[in-house]
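For reference, the structure is listed below as structure tokens.
The values are calculated or read from the model by the stated rules, or taken from the named source; none is laboratory data. Keep in mind that this is a model prediction, so the values were computed, not measured. Here the Cβ is made from the backbone with ideal geometry for all residues, glycine too, and neighbour counts use every protein chain on show.
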């Protein structure tokens, strides 16, 4: 009996040790599962930064395979354009003696090169003096208004910044995304102009106020356009969360800075009674406008399908990604050709993707299929109207300028900041798109005028007094 008891005790101890070992292994597995879940959550939220890339790369593509420098084989090489005007011609006589020691005889053959350079810049200090007279009737002192005079009050700055420097400040700020401090240092280093960052900020605010009529013209153009794109991004205001909204056409872009991301901001930009097509992503502010005609961005659908294939790589997710890509490729070709049967085939292909039951084991794919089913009319709208793009890349390119500005400035600080930012970005985007390479000549300090209906580059370049919306550029 004692032997049996000893055996049971030994077995009990062995089982206890085995149980303890299993408990430790279970705790390790639980910790490992928890770590994997956190990693998956980070990937799904997009917090994990790829070590060698920030955007999705096609699966199976070699990491080390990169584009060779220069243009592809068979294409003409890139070189600087020869200017039409030569300001100075410098002649160089041949050397008197060759490197071998022989005498050199001149010929008619020549070699030449053109050096493009900027002459030394000197600031012109122009004093404007107005003789003061006295009215014989009321004995009031009167004089001709000086540049920079205000409608109310008699004070005027003793030294002001001219319109060309103001235009350069606006171009550096909104075109090149330079900080106010760096603009101040640039003016001091290259021009010897002493100005503070706060002074530059006030200049930008005043010019933004003068561009309000140009902004209103862009508002009217966007609201009457047949097709518009929309997007939004974050832009802090006085240290608090804010948003920059965008509604754009191929001709102009309308910006609005507001603390809210609610639908009332977008409704105020687009106005009531809009009859065109809205191209956007699947943000609820846009999708909830059921009274509008929609064209949804296919690039967002493709990116989601690629992300699913990256998070859960398997034959099913890769097949779904490839089928989505193939639909948009076929749809783009059908839209370009205008072939009715090709458009019909693209719709049938999309219906097969949405109705497929091969992906029921993947909740993310099912969710994407349901979204495509709900918004099927908007997704295929580009097949019915050649003017509607299948993507929203134009809006994303325009809103990226705000993201670059945000990286430098961080946001706005003053009360007039949101208004001046939206006006300046809208006018700069309009001129950059309509007049590529245009350099306005700032010759007026007058308030802004309306944007012209049709602006030709040659006419504006040689205009003696370009409208103010163009004065505030490069």
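Does residue 364 fit the bill of being touching a strand residue (DSSP E or B) at 6+ places or on another chain (Cβ under 7 Å), assigned to a helix (DSSP H, G or I) and touching a residue at least 24 places away in the same chain (Cβ under 8 Å)? In short, no.
Let me confirm something: among 209, 238, 185, which residue is more than 30 Å from residue 297 (Cα to Cα), modelled with pLDDT of 90 or more and more than 19 Å from the chain's Cα centre (by Cα)? Spell out how you get there, then give the answer.
Values: 209 fails: modelled with pLDDT of 90 or more; 238 fails: modelled with pLDDT of 90 or more.
Of the residues listed, the single one that is more than 30 Å from residue 297 (Cα to Cα), modelled with pLDDT of 90 or more and more than 19 Å from the chain's Cα centre (by Cα) is 185.
Determine, yes or no, whether residue 333 is closer than 30 Å to residue 274 by Cα and part of a helix (DSSP H, G or I). So residue 333 passes the test.
Scoring residue 398 on the criteria (1) in the same structural domain as residue 314 (by TED's automatic domain parsing); (2) touching a residue at least 24 places away in the same chain (Cβ under 8 Å); (3) part of a helix (DSSP H, G or I) leaves a single failure, condition (1). For the criterion of being within 30 Å of residue 300 (Cβ to Cβ), at pLDDT below 80 and under 28 Å from the mean Cα position of the chain (by Cα), residue 66 passes.
Residues that are touching a helix residue (DSSP H, G or I) at 6+ places or on another chain (Cβ under 8 Å) and not in a helix (DSSP H, G or I) within segment 298-325 comprise just one, 312.
Results for (1) assigned by TED's automatic domain parsing to the domain that holds residue 190; (2) closer than 30 Å to residue 168 by Cα; (3) under 56 Å from the mean Cα position of the chain (by Cα); (4) exposed (fewer than 10 other Cβ atoms within 10 Å of the Cβ), shown as yes or no for each residue.
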site: 96; (1), (2), (3), (4): no, no, no, yes
site: 103; (1), (2), (3), (4): no, no, no, yes
site: 113; (1), (2), (3), (4): no, no, yes, yes
site: 118; (1), (2), (3), (4): no, yes, yes, yes
site: 122; (1), (2), (3), (4): no, yes, yes, yes
site: 125; (1), (2), (3), (4): no, yes, yes, yes
site: 132; (1), (2), (3), (4): no, no, yes, yes
site: 135; (1), (2), (3), (4): no, no, no, yes
site: 144; (1), (2), (3), (4): no, yes, yes, no
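Anything in segment 238-274 that is part of a loop (DSSP other than H, G, I, E, B) and closer than 27 Å to residue 432 by Cα? List them, or say none.
Step one: filter segment 238-274 for residues part of a loop (DSSP other than H, G, I, E, B), giving 238-239, 241-242, 249-252, 259-262, 271-274.
Those that are part of a loop (DSSP other than H, G, I, E, B) and closer than 27 Å to residue 432 by Cα: 242, 249, 250, 251, 252, 271, 274.
Report whether or not residue 422 is under 30 Å from residue 182 (Cα atoms), without any contact (Cβ under 8 Å) to a residue 12 or more places away in the chain and touching a strand residue (DSSP E or B) at 6+ places or on another chain (Cβ under 9 Å). First the steps, then the outcome.
Numbers: under 30 Å from residue 182 (Cα atoms): yes; without any contact (Cβ under 8 Å) to a residue 12 or more places away in the chain: no; touching a strand residue (DSSP E or B) at 6+ places or on another chain (Cβ under 9 Å): yes.
No; evaluated as a whole, the condition is false for this residue.
When residue 228 is tested against (1) part of a loop (DSSP other than H, G, I, E, B); (2) in contact with a strand residue (DSSP E or B) (Cβ under 7 Å, 6 or more places away or on another chain), exactly one condition is not met: (1).
Take segment 342-363 and flag every residue that is closer than 12 Å to residue 384 by Cα and over 33 Å from the mean Cα position of the chain (by Cα).
To start, the set of residues in segment 342-363 that are closer than 12 Å to residue 384 by Cα comprises 342-344, 346-347.
If the condition is that a residue be closer than 12 Å to residue 384 by Cα and over 33 Å from the mean Cα position of the chain (by Cα), then 342, 344 are the ones that fit.
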